[in-house]
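Notes follow once the structure below has been shown.
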Amino acid sequence: MGFYDSVAERLAFLKMLSPGELKKLGSAKLSDVVLQEVARARVRVAELEKRYPQSAPKDLAQRLIDEKKNLAGMVGGVSGVFGLVALPADLVFMAYLQIILLTDVATLYKVNLKTERARGEMLDLFGYANGLGPLHRAGPKVVGKLGAMLLEKGGMHTLGRAMPLVAAPVTAYFNNQHIQMVGEQAVRFYEGFDKAHAKAKAQRKATGS
């Protein structure tokens, strides 16, 4: 069973939309969020590799993207029903969901996110994917700050909040599409990383170093 396959797991994730949980999430440090997700990402990736042993990393990455798209679509539908009042909460959650996805994809490509440099590269990737630029220079330290920056940039799907009840499927659609785009950018980035790593390994082997 996949990590997000069961209804119980999805409901547990949606519980994070409660005011108390969102407050804790919004004030969580980005570095801490990534580090706490690394161990979970390893489990998710190992399970995926076990289930699909013949699949290429790129195909496994799409499966990780699809898992997050399912959650993003649900969150978009729920927050769309509540309308503009729920917009900041949705953006905080979407920022968090993207960080989880990037952590998963990086882990799939054997990136050591326990190093500050690797975490910095991953967070910069998040920034570029959302039109924020490199996060190290932008300076957000917590998840809530990311949500605020996304809102300041116009959000990912603000249009869908104009007519909340009618627009719930529209909001879910935009959430879904955005997760796909972020995932594809991560795959392109880490595919290059993976090839460079393999090339360097081959060179070391050839030289006996």
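The values are calculated or read from the model by the stated rules, or taken from the named source; none is laboratory data. As the structure is a computational prediction, the values presented were derived from the model and not from experiment. Backbone-built Cβ (ideal geometry, glycine too); neighbour counts: all protein chains shown. Each accessible area value is taken on the protein alone, full model and side chains, heavy atoms only, with ligands, DNA and RNA left out. Shrake-Rupley method; radii C 1.70, N 1.55, O 1.52, S 1.80 Å.
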Filter pass, Arg44 being at pLDDT 80 or above, of a type outside the set (A, V, I, L, M, F, W, C) and part of a helix (DSSP H, G or I): yes
Residue in segment 90-97 that is modelled with pLDDT of 75 or more, touching a strand residue (DSSP E or B) at 6+ places or on another chain (Cβ under 9 Å), surrounded by 16 or more Cβ atoms within 10 Å (Cβ to Cβ) and closer than 23 Å to Glu184 by Cβ present: no
Pair list, Cβ under 7 Å, 6 or more apart: segment 40-60 residue open to solvent by 90 Å² or more (accessible area, probe 1.4 Å), other residue among the hydroxyl-bearing types (Ser, Thr, Tyr): Arg42/Thr107
Cβ-Cβ under 6 Å pairs, at least 6 apart or on other chains, segment 5-32 side within 23 Å of Lys69 (Cβ to Cβ), far side at pLDDT below 70 and of a type outside the set (Asp, Glu): Leu22/Ala89
